[in-house]
Amino acid sequence: MSEFKKVAGLTGMKDTLPPESACWEQLESLVRDWLAGYGYQNMRTPVLEQTHLFTRGIGEVTDIVEKEMYSFVDPLNDERLTMRPEFTAGIVRAAIEHNFLYDRPRRIYAMGPVFRHERPQRGRYRQFHQIDVEALGFPGPDVDAELILMLARLWRLLGLNDMRLELNSLGQPAERAAHRAALIAHLEQHRDVLDDEAQRRMHSNPLRVLDTKNPAMQEMANAAPRLFDFLGDESLAHYQGLCARLDDAGIVYTLNPRLVRGLDYYNLTVFEWVTDRLGAQGTVCGGGRYDGLIELLGGKPAPAVGFAIGMERLLDLWQQDAQVSAPAECQVYLVHQGDDAQRQAAQLAESLRDAGMRALVHAGSTGFKSQFRRADASGAIAAVIIGGDELTARAATVKWLRGDAQGDSQQESVAFDQLVHHLKQRI
């Protein structure tokens, strides 16, 4: 009989174990409260969608569609399916399918895993997590500004002080078409400095050529026609309306005319919040307006704007800046000696939980010394000791492992019927 070979996790798909998982829960709770403060409601969409949802919505010549999607053919019905590489297309699909915008605009959010087949690096995995926020049915720069102000508040809540905001406007389709023609002409004039990727995209997606990190192409990219210079009066008014609201709020921003984002569905406002503390992958949050996507995916025309935050990167920054620590396993650890004492401990633990306290009963029967080591490792504030003497006296011995709320560290006897009240008062 052959020995079973140990199975390891997949590259770029990370396990999250305690106590790190508790830090994730703290962040998720904070994020939910933050979003609720602005009236955003949760939406949950499937991890699997039909592949053409993403090729249609994101764009066939984007990095995500060309190189990064996890796609396969379902043998049961011969459908081509994809594990979601981002949330927006699936959320728009769900809004159309369920007639979600029938009666009013909607503010919604989603949190969860997304999947991209790319080289794993700091803050970027093949399965990673996003906070996705979408405002569907809102046309004006006031909601663009609201999203950016929301994010500024989140950075304050997390104590992140070095986040920089970059803005651009991608205008409307006719303006982009005029710029596209001028940009292609510019790229053709500088074909000799374009790398293979840029030459391949020169006609299919020329805006993405400007987003190059190739040092040999920077001078050419800096001299390229700016889309911002092709904006008409309405697009400029939208951008200026956004800037006025950001100025009102004291939000510092920089116009970055080369900011295009990696998805085809954007128009008008695009933005990124960036930091220098995560190496080359410095974008923590990116988003913008995508007024044409709902119609493109088969719905009635409706404006929309949103953003996504990489949760791994956000957690990395938060843990650098704040004293983020996992909560203790419990507040009260019950140790016992003998079967009757264990049963009594189990009853008392349930009463403590009824009162809202976190309690653990030592599993199995080991000596007090071993149990106290486990109680200390649990992070509990108090150990409740039950042995033969305690059963006879109908009173538990409470040993304060880290001092109670008053800072006392002592050992005392407390009647069973007073234990819950006593601990509730002092923890």
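What follows draws every value from the coordinates through simple rules; no lab data is involved. Predicted model, so just to flag it, every value in this text is computed and none were measured. Every residue, glycine among them, receives a Cβ derived from its backbone with ideal geometry; neighbour counts consider all protein chains shown.
Tell me the net charge near Ala244. Cut-off is 12 Å between Cβ atoms, Ala244 excluded, with +1 for each Lys or Arg and -1 for each Asp or Glu.
-3
Order these by the 10 Å Cβ neighbour count, fewest first: Ser351, Ser169, Ser235, Ser204.
The most exposed by this proxy come first: Ser204, Ser351, Ser235, Ser169.
Please report Lys67, Lys6 as a ranked list, fewest other C-beta atoms within 10 angstrom at the top and most at the bottom.
Lys6, Lys67
Working from Cα positions, state the angle (0 to 90°, nearest 10) between the long axis of helix 311-321 and the longest principal axis of the chain.
For helix 311-321, the angle is close to 60 degrees.
For a quick protection proxy, order the peptides 144-155, 386-397 by their average other-Cβ count within 10 Å, most packed first.
Those peptides, ordered most packed to least, come out 144-155, 386-397.
What size of dipole, in debye to the nearest 20, comes out for the chain about its Cα centre when the only charges are +1 on Lys and Arg C-beta atoms and -1 on Asp and Glu C-beta atoms?
Its charge dipole is roughly 560 debye.
Describe numerically, in nm with one decimal, the distance between label points set 7 Å from Cα along Cα→Cβ at Lys213 and at Lys5.
Here the modelled spin labels are 3.3 nm apart.
Give the lysines reachable from Lys14 as a straight Cα distance under 25 Å; neighbours fewer than 8 places away on the same chain don't count.
Lys5, Lys6, Lys67
Looking at Trp273, Cys23, Leu136, which one has the Cα that reaches farthest to the positive end of the dipole of the chain (charges on Cβ: Lys, Arg +1; Asp, Glu -1)?
With unit charges placed on the Cβ atoms, the residue in question is Cys23.
With charges only on Cβ, +1 for K and R and -1 for D and E, what is the dipole size of the stretch 235-353 about its Cα centre, in debye, rounded to 20?
Value, rounded to 20: 380 debye.
Students often get this wrong, so try it: which of (i) 1.28; (ii) 1.22; (iii) 1.10 is Cα Rg over 2.2 N^0.38 Å as calculated from the structure shown?
Recomputing Cα Rg over 2.2 N^0.38 Å here gives the entry labelled (i).
Along the Cα→Cβ direction, 7 angstrom out, place labels at Gln26 and Ser71. What is the inter-label distance in nm?
Calculated label separation equals 4.2 nm.
Can you give the charge dipole size of the stretch 332-426 about its Cα centre, rounded to the nearest 20 debye, using +1 on the beta carbon of Lys and Arg and -1 on the beta carbon of Asp and Glu?
Rounded to the nearest 20 debye, it is 320 debye.
Give the relative contact order (percent, whole number) for the stretch 332-426; include only Cα pairs under 8 Å separated by 6+ residues.
Relative contact order here is 28 percent.
Summing +1 for each Lys or Arg and -1 for each Asp or Glu, what net charge is found among the other residues whose Cβ lies under 15 Å from the Cβ of Asp417?
Result for the local shell: -1.
Residues in the stretch 300-321, backbone N under 20 Å from the label point at Tyr102 (7 Å along the Cα-to-beta-carbon vector): list them, ranges by number please.
Taking a point 7 Å out along Cα→Cβ of Tyr102, the residues of the stretch 300-321 whose backbone N falls under 20 Å are 300-303.
At 222 nm, what value in deg cm²/dmol follows for the chain if DSSP H runs of at least 4 each add -39500 (n - 2.57) and the sum is divided by all its residues, to the nearest 500?
-11000 deg cm²/dmol
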